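The values are calculated or read from the model by the stated rules, or taken from the named source; none is laboratory data. Since the model is a prediction, treat every value here as computed from it, not as a measurement. Here the Cβ positions follow ideal geometry from the backbone for every residue, glycine too, while neighbour counts run over all protein chains shown.
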Amino acid sequence: MHIPDGFLDIILSIVMFALAALFWIPSFYKANKNISERNIPLMAVLTAGVFAAQMLNFPIIGGTSGHLIGATLIAVFLGPYPAVVSMTIILLIQGLVFGDGGLTAFGANSFNMAIIAVFTGFIVYAAVRKYVQGEKGIITGVFIGSWISVLTAALACGLEIGVSSIFPYGVEVTLPAMLFWHVIIAFGEAIISSTVVGVVLRTNPGLLPAAQGMNIIVESAGMK
């Protein structure tokens, strides 16, 4: 899902940077304000784990890639705003050090994976938790949220590439290509994320604010 350099025209790249910045600024502020010192090591571990998972990818539509995202998993443990920070750091390191995702497309990649995936996944997760109580609600919310987060990020990626004036294929090619593979990838991510959360619930539920109720979820997200 990482868009390389040369796929997006300059106008679209600038627009995507601007859209991402609208979320970066409040997310970094809220994360700095609300993240506790106790959660900083957890944030580092989650960031490193998702970073490693994202490095395992395969090519789609002539240059971009398909892979796990991990945005919902981080958001469930830390809240959406710290998750935006973690995902942005992951994408920045990947682009600067490993060339995974173009620097001119950093705004688009961040918007797709660090913003759309984080917030759609977390909102779906929180909605499920509201109506399905207990451990079942947590695991079900993580599963559905993870699945939808991957698809929405893939949808955004396919649209951006397809509408770019310099990419040789339109949305009639890019959207089906992205969505076809990511429907499969999304199930894999949903299974992995819900399994991780299930293990944590059984071994160390204190790491997961969701296990303590919806009020803590909202507070940890900084959404009051």
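Could you tell me which residue of the stretch 8-40 is farthest from the chain's Cα centre (by Cα), considering only residues that are surrounded by 12 or more Cβ atoms within 10 Å (Cβ to Cβ) and part of a loop (DSSP other than H, G, I, E, B)?
So the residue we want is Asp9.
When you scan the stretch 148-171, how many residues do you find that are surrounded by fewer than 19 Cβ atoms within 10 Å (Cβ to Cβ) and not in a helix (DSSP H, G or I)?
Residues that pass the stated criteria total 5.
Of the conditions (1) crowded, with 24+ Cβ neighbours inside 10 Å; (2) β-branched (Val, Ile, Thr); (3) closer than 15 Å to Ile69 by Cα, Thr174 satisfies every one except a single condition; which number is it?
(3)
Here are some residues: Gly188, Gly145. Which one is in a helix (DSSP H, G or I), in contact (Cβ under 8 Å) with a residue 60 or more places away in the chain and in contact with a Phe, Trp or Tyr (Cβ under 9 Å, 6 or more places away or on another chain)?
Gly145
Just to check your reading of the model, which residue among Gly62, Gly70, Gly101, Gly66 is at pLDDT below 90, on the phi > 0 side of the Ramachandran plot and under 17 Å from the mean Cα position of the chain (by Cα)?
Gly101
Of the residues Leu96, Leu179, which is without any contact (Cβ under 8 Å) to a residue 40 or more places away in the chain, assigned to a helix (DSSP H, G or I) and surrounded by 15 or more Cβ atoms within 10 Å (Cβ to Cβ)?
Leu179
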